[in-house]
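Asker: I am attaching a structure below and will ask some questions about it afterwards.
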Amino acid sequence: MGRQMTPAEAEKARELLARYLEQMREAGEDELYLDDRLARDLTRRLAAATPAPENPPGPVPRVPAAAPRRTNLPKSQPRPAAQAAAAPARPMPAAASAPPREVEVVTIESILGAKKTAPDMFNEASPLERCSGLGDVERLASACEKCELARTRTKVVFGVGNPHARLMFIGEAPGHDEDLQGIPFVGRAGQLLDKILDAAGIARDDVYIANIIKCRPPNNRTPLTSEIDACSPYLVKQLGFIKPRVVCALGLPATTTLLGLKGSMGGMRGKIYKYGDIRVIPTYHPAAALRDPNYKRPMWDDFLIVKREYERA
């Protein structure tokens, strides 16, 4: 599995992991999924780099293995990944059924936490303020070097779709395939999104698709707060020029960034967040449904809400 980490490398890895987990906690996420191989390798590497105590204790008494705890989850919530692995995947419905029941509408004060285009050095006005359309914004984003992701990206993934779309999808960040092609949602998660849109009777060409950040984070990690802050002005401008009536936030990072609220995905989905004429509907990211098929059912329920609000718009 590669060479063993030195204590210094292990300490740096711990700091980065702690920083990442703290950011997830602040965002309201309380679950972390690792595949078995990665979990075993991470545990082995960190344990190997931990110095042994100077005075080792005596023989450790044998403790019987604890029985697995039973967790009663609401039926509407997905089961943990360990339980879901043994469960058969449920297929996505072929077409939208009856319109969903009326859901709770939550009024919010802003989108993107009232983020504005920040002035550049020496209090000069941001070049974004002089943009007259999406093309101008995309040209600025393509040359952006405001965060370290500019050093590792292949292409800037700005957005794609109808520039006057009534419905806009906003995800987290580009992945490997998106970074190579410069188009959002073209990998496995994008293929699942296409299937869901087709089942809901929504043409991809009629909507606009983007992410909260425009460059791929290394190893597809969750974007850092500093990266989101640096990239948010481009998304603000996209929203301003497109003027969607319905926005579907895909995943927790997109949801918390757009709404400026903290919470878990399970607690925030299933509602409509209203800001003026814009309605924001959060749901799980398609990548989450690929990892755990139990997310597909609530995700489909959310897409029925998206479809209904889209048709009303």
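Asker: Taking neighbour Cβ counts within 10 Å as the exposure measure, how do E102, E11 sort from fewest upward? Each step should come with its number before you reach the end.
Answerer: On the way: E102 9, E11 12.
By the 10 Å Cβ count, ascending: E102, E11.
Asker: In a shell of Cβ-Cβ distance under 14 Å around R245, excluding R245 itself, what net charge do Lys and Arg (+1) and Asp and Glu (-1) give? Mind dumping the intermediate values first?
Answerer: Values: positive: R166, K243, K274, R279, K307, R308, R312; negative: D206, D277, E309, E311.
Its environment carries a net charge of +3.
Asker: Relative to the present Cα-Cα distance, how much length would full extension add between D194 and T6 at 0.36 nm per residue of separation? Display every interim value, and only then the final one.
Answerer: Working: separation 188, 0.36 × 188 = 67.68 nm, distance 4.45 nm.
Taking 0.36 nm per residue and subtracting the Cα distance, the gain is 63.2 nm.
Asker: Right, here's the next one. Can you work out ³J(HN,Hα) from phi for every residue in the stretch 277-288, in order, using Karplus 6.51 cos²θ - 1.76 cosθ + 1.60 and θ = phi - 60°, giving whole Hz and x for Gly and Pro?
Answerer: So the Karplus estimates, Gly and Pro as x, are 8, 9, 10, 9, 10, x, 7, 5, 6, x, 5, 5 Hz.
Asker: Quick one: which residues, 5+ away or cross-chain, put their amide H under 5 Å from the amide H of N162? H built at 1.01 Å from N.
Answerer: V207, Y208
Asker: Rank-order 273-280, 105-112, 254-261 by packing density, defined as the average count of other C-beta atoms within 10 Å over each peptide's residues, highest first. Can you show the working numbers first?
Answerer: Numbers: 273-280: 17.0, 105-112: 13.9, 254-261: 23.2.
By packing density, highest mean first, the sequence is 254-261, 273-280, 105-112.
Asker: Towards the positive end of the charge dipole of the stretch 105-312, with charges on Cβ (+1 Lys, Arg; -1 Asp, Glu), say which of C231, F185, A203 has the farthest Cα.
Answerer: Most positive-ward Cα: A203.
Asker: Further question: Could you size up the charge dipole of the stretch 236-313 around its Cα centre, putting +1 on the beta carbon of Lys and Arg and -1 on that of Asp and Glu, and report it in debye to the nearest 20? Write down the numbers at each step before the final one.
Answerer: Details: 14 positive and 6 negative charges, 23 e Å.
Computed about the Cα centre, the dipole is about 120 debye.
Asker: Given labels modelled 7 Å from the Cα in the Cβ direction, how far is it in nm from E148 to L180?
Answerer: Modelled inter-label distance: 2.6 nm.
Asker: For the stretch 105-312, what is the percent of antiparallel DSSP beta bridges, rounded to the nearest 5?
Answerer: Details: 5 of 21 bridges.
Counting only bridges with both partners in the stretch 105-312, antiparallel ones make up about 25 percent.
Asker: Let me ask another. How much length is gained on full extension from N219 to A203, taking 0.36 nm per residue of separation minus their Cα-Cα distance?
Answerer: Numbers: separation 16, 0.36 × 16 = 5.76 nm, distance 3.07 nm.
The span from N219 to A203 would gain 2.7 nm if fully extended.
Asker: Strictly over 22 Å apart at the Cα level, which of K271/K307; K146/K262; K214/K237; K271/K296 would you flag in this model?
Answerer: Numbers: K271/K307 14 Å; K146/K262 26 Å; K214/K237 13 Å; K271/K296 17 Å.
Those over the limit are K146/K262.
All of the numbers you see were taken from the coordinates with simple rules; none came from a lab. Computed from a prediction, not measured in an experiment: that's the story for all the values here. Please note: Cβ atoms are built from the backbone with ideal geometry, for glycine as well, and neighbour counts cover all protein chains shown.
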